[in-house]
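Quick note: the coordinates plus some simple rules give every number you see, no bench work behind them. Computed from a prediction, not measured in an experiment: that's the story for all the values here. Cβ sites come from the backbone with ideal geometry, for glycine too, and all protein chains shown count toward neighbours.
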Amino acid sequence: MAWGEPVDIQLYGVGKYQVVTNTPMAAECLLNYWPEGAQGDEYQDALQACLADMEGLPNTARASFIKAAEAAGLMVRHNQKPTLN
């Protein structure tokens, strides 16, 4: 369920990024913090992929999460290495 590469998602406003490093964190973002009105097909696919991953089934949780974030119009940084701050 841990992702090899984190996904930084601008979820709480301009310049405020959440670093998502695993499937449970992605599911929490989708269920509790996702923008109103952005629960379309990509959102549903990402949520299902997260649930499947947490149940041990083959998954595409990270890719689906990124696709849902982009469809919701959220800024996503997903090709960067984590930094220590």
Exercise. Normalized C-alpha radius of gyration of the chain, against 2.2 N^0.38 Å?
Worked result: 1.01
Seminar exercise, completed: Once both label points are put 7 Å beyond Cα along the C-beta direction, the L51-E70 separation in nm becomes 2.5
Problem set entry | Taking C50, C29 and counting other C-beta atoms within 10 Å, the order from fewest to most | C29, C50
Exercise. How about the chain: which trypsin sites (Lys or Arg not before Pro) there lie in a loop by DSSP and see at most 12 other Cβ atoms within 10 Å?
Worked result: K16
Seminar exercise, completed: The exposure ranking of Y17, Y43, Y33, fewest beta-carbon neighbours within 10 Å first, is Y33, Y17, Y43
Exercise. Hey, what do the phi angles of region 36-46 turn into as Karplus ³J(HN,Hα) couplings, whole Hz, using 6.51/-1.76/1.60 and θ = phi - 60°, x for Gly and Pro?
Worked result: 4, x, 10, 9, x, 4, 5, 4, 4, 4, 5
Exercise. Picking from A46, A38, A68, which is most flexible by a Gaussian network model of the chain using Cα springs under 10 Å?
Worked result: A38
Seminar exercise, completed: Listing M75, M25 by rising number of other beta-carbon atoms within 10 angstrom, fewest first, gives M75, M25
Problem set entry | Test item: Cα-centred dipole of region 14-71, Lys/Arg +1 and Asp/Glu -1 on Cβ, debye | 220
